[in-house]
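Everything on this sheet refers to the single structure shown next.
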Amino acid sequence: MKNDLDNIKNEFLKALEDVSDSLGLEDLRVEYLGRKGKLSQLMKQLPSMAEDVRREVGQLGNDVKKTLELAFTEVSSAMNASEDVARQQTDWIDVTQPGVRPPGGHLHLVTQAIDEVSTIFKRLGFVSTRHPEVDWDYYAFESLNMPKTHPARDEWETFFIGDGGTVQEGKKGKVVLTPHTSNGQVREMEKKQLPIRMININKTYRRQSDASHTPMFHQFEGLMIDKGVTITHLKGVFDYFVKEFFGPEREVRLRPFHFRFTEPSMELDITCGVCLGSGENEGMKCKICKEGWVELGGAGMVHPNVLRAGGLDPDVYSGFAFGWGVERTMVMKSDINIDDIRVLYRNDLRFLEQF
Ligand code: DAH
């Protein structure tokens, strides 16, 4: 046993001379001085020895341990010091040098427009909600006063969700990709929390693709329902929105129209951002609007049948609704001029980085 201790000591001191870096040094420490190292393995035999031998060998073992630790510490601090010096020479950095700025992204301009629209309506007490973008036919059409075979449905060139060729159908009809955010109207009424001041912004889908249409686009749907809501509230809300979003110089006009889910229905026009309503630009007919006005979107007073579908009594409650395309509203801002709307979703950084 004494011999073994001696051997361990000599082996360790010899190996210490040959070690060349701190990683090797650490390996050596673990091999000899670690909890499962050679020294502690040997010392495990102590309890089986006669008491007087045990005391002597125990003492010797401790001495050897101290010697090894001391030798280790000496080599280790010398090595650390020289490695520090080497590191300082090679890894030197100038902390005063300006850094390399990582490329910073920003929100997509449609997302920016969505934020801006919701912030403006929020100031009027409208609450942003998000109703499903995959929904039942019932919410997208039927509850909006468009029964199953009604031809008015044709305008919403609708995608149906199918499963191996068969369109999925459940107790609320077929499953559609919502062609407009109006599906949120009856859903919001079903929450039974009145008054309602909802702004539902979502993705919408139609089978269309050309310079002014993309198959996926965004709409925002406003709905206000309470006792005594009239068309003057609707006009007031539009005026506020248009002046906040487009600028104080823009005017609003309500033009009679037809939708199945509103009565009366109207389209909302605003004065053109280029000719500011005059219809003329530099002595010629304005190229953008030709007549001074551009169309923003649809609106109207919620149809009694829609209120009924939402479980509300039309003799007690009334309200107005509107639905506009986010992309369209955005490009109508006079400072954005996009001649093909599809560029919004081509993910071309040369375009996106401009905004
Ligand atoms: N949902 C209609 C569309 O996509 C727009 C619309 C018109 C929404 C009138 C309304 C409304 O809420 O009252 O064309």
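Does region 2-90 come out rounded, prolate or oblate by the C-alpha gyration tensor, with a ≥ b ≥ c the root eigenvalues, rounded set by a/c under 1.5 and, if not, prolate when a/b is larger than b/c and oblate if not? Before the final figure, lay out each step's value.
Details: a/c = 3.27, a/b = 2.97, b/c = 1.10.
Prolate.
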Sorting GLN41, PRO98, PRO147 by the position of each Cα along the dipole of the chain (Lys, Arg +1; Asp, Glu -1; all at Cβ), the one nearest the positive end of that ordering is PRO147
C-alpha center-to-center spacing [region 188-207, region 125-175] in angstrom = 14
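Grab the other residues whose beta carbon is less than 11 angstrom from that of GLY162, score K and R as +1, D and E as -1, and report the net.
Values: positive: LYS174; negative: ASP163, GLU169.
Around GLY162, the charge tally is -1.
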Sparse-neighbourhood loop hits (trypsin sites (Lys or Arg not before Pro), region 216-295; DSSP loop; Cβ within 10 Å at most 14 others) -> LYS227, LYS287, LYS290
Could you give the C-alpha radius of gyration of region 1-42 expressed as a fraction of 2.2 N^0.38 Å, taking N as the number of residues it contains?
-> 1.14
Please list the radius of gyration and Dmax for region 138-189, considering alpha-carbon atoms only, with Å as the unit.
-> 11.0, 34
Starting from one equal scatterer on each C-alpha and no solvent at all, send me the Debye-based log10 I(q)/I(0) for region 165-240 at q = 0.11, 0.14, 0.16 Å⁻¹, two decimals.
-> -0.42, -0.64, -0.79
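Quick one: dipole size for region 205-355, taken about the Cα centre, charges +1 on Lys/Arg Cβ and -1 on Asp/Glu Cβ, in debye to the nearest 20. The partial results should precede the final answer.
Working: 18 positive and 22 negative charges, 64 e Å.
Approximately 300 debye in magnitude.
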Considering the options GLN168, MET224, THR329, tell which one lies farthest towards the positive end of the dipole of region 109-352, charges being +1 on Lys and Arg and -1 on Asp and Glu at the Cβ, about the Cα centre.
-> GLN168
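Given contacts defined as C-alpha pairs under 8 Å and at least six residues apart, what's the relative contact order of the chain, whole-number percent? Before the final figure, lay out each step's value.
Details: 535 pairs, mean separation 48.9, N = 355.
Contact order relative to length: 14 percent.
How about region 21-97: which trypsin sites (Lys or Arg not before Pro) there lie in a loop by DSSP and see at most 12 other Cβ atoms within 10 Å?
ARG35, LYS36, LYS44
Taking all pairs of different Cα atoms in region 121-163, averaging 1/r and flipping that mean, what Kirkwood radius in angstroms comes out? Walk me through the numbers on the way to the answer.
Working: mean 1/r = 0.0791 Å⁻¹.
For region 121-163, the Kirkwood estimate is 12.6 Å.
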ASP52, ASP135, ASP21, reordered so the largest accessible area comes first (probe 1.4 Å) = ASP52, ASP21, ASP135
If you project the alpha carbons of region 211-307 onto the principal axes, what extent comes out on each, in Å, largest first?
-> 48, 32, 22
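Going by a ≥ b ≥ c, the root eigenvalues of the Cα gyration tensor, does region 109-352 fall in the rounded group (a/c under 1.5), the prolate group (a/b larger than b/c) or the oblate group?
Details: a/c = 1.81, a/b = 1.26, b/c = 1.44.
Oblate shape, in that a/c is at least 1.5 and b/c is the bigger or equal ratio.
Averaged per residue, what accessible area in Å² does region 1-127 show with a 1.4 Å probe, protein chains only? Intermediate values should be presented prior to the final figure.
Working: 9000 Å² over 127 residues.
Value returned for region 1-127: 71 Å² of accessible area per residue.
Starting with the highest mean, order 210-222, 103-115 by the number of other Cβ atoms within 10 Å, averaged over the residues of each peptide.
Per-residue mean Cβ counts within 10 Å order the peptides as 210-222, 103-115.
What Kirkwood Rh does region 57-213 have if only Cα atoms enter the pairwise 1/r average? Answer in Å.
On the way: mean 1/r = 0.0440 Å⁻¹.
The answer is 22.7 Å.
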List the DSSP H helices in the chain whose Cα atoms stretch 24 Å or more along the helix axis and whose mean Kyte-Doolittle hydropathy is at least -1.0.
-> 51-90
Under the rule of -39500 (n - 2.57) per DSSP H run of 4 or more residues, summed and divided by the residues of the chain, what mean residue ellipticity at 222 nm is obtained, to the nearest 500 deg cm²/dmol?
-> -11500 deg cm²/dmol
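Region 278-333: which GluC sites (Glu not before Pro) are DSSP loop and have at most 12 other beta-carbon atoms within 10 angstrom? Mind dumping the intermediate values first?
Values: sites: GLU280, GLU282, GLU291, GLU295, GLU327; in loops: GLU282, GLU291.
Answer by residue number: GLU282.
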Enter the Cα centre distance for the pair region 97-122 and region 238-272, rounded to the nearest angstrom.
-> 28
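Mind putting a number on the dipole of region 2-90 about its Cα centre? Charges go on the C-beta only, +1 for Lys and Arg and -1 for Asp and Glu, and I need it in Debye to the nearest 20.
Working: 13 positive and 17 negative charges, 81 e Å.
Charge dipole of region 2-90: 400 debye, to the nearest 20.
With the cut-off at 19 Å, report for region 46-129 the share of all Cα pairs above it, as a whole percent.
Working: 2612 of 3486 pairs.
Tail of P(r) above 19 Å: 75 percent of Cα pairs.
From the mean inverse distance of alpha carbon pairs (Kirkwood) and the Cα radius of gyration, derive Rg over Rh for region 75-120. Please report the intermediate quantities before stating the final value.
Numbers: Rg = 24.6 Å, Rh = 15.7 Å.
Radius of gyration over Kirkwood radius for region 75-120 works out to 1.57.
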Inverse of mean 1/r across different Cα pairs in region 150-280, Kirkwood, Å | 17.5
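The values are calculated or read from the model by the stated rules, or taken from the named source; none is laboratory data. Predicted, not measured: the structure shown is a model, and the values here were computed from it. With ideal geometry, Cβ positions are generated from the backbone for all residues, glycine too; neighbour counts draw on all protein chains shown. These area figures cover heavy atoms from the full protein model, side chains too; ligands, DNA and RNA do not enter into them. Shrake-Rupley method; radii C 1.70, N 1.55, O 1.52, S 1.80 Å.
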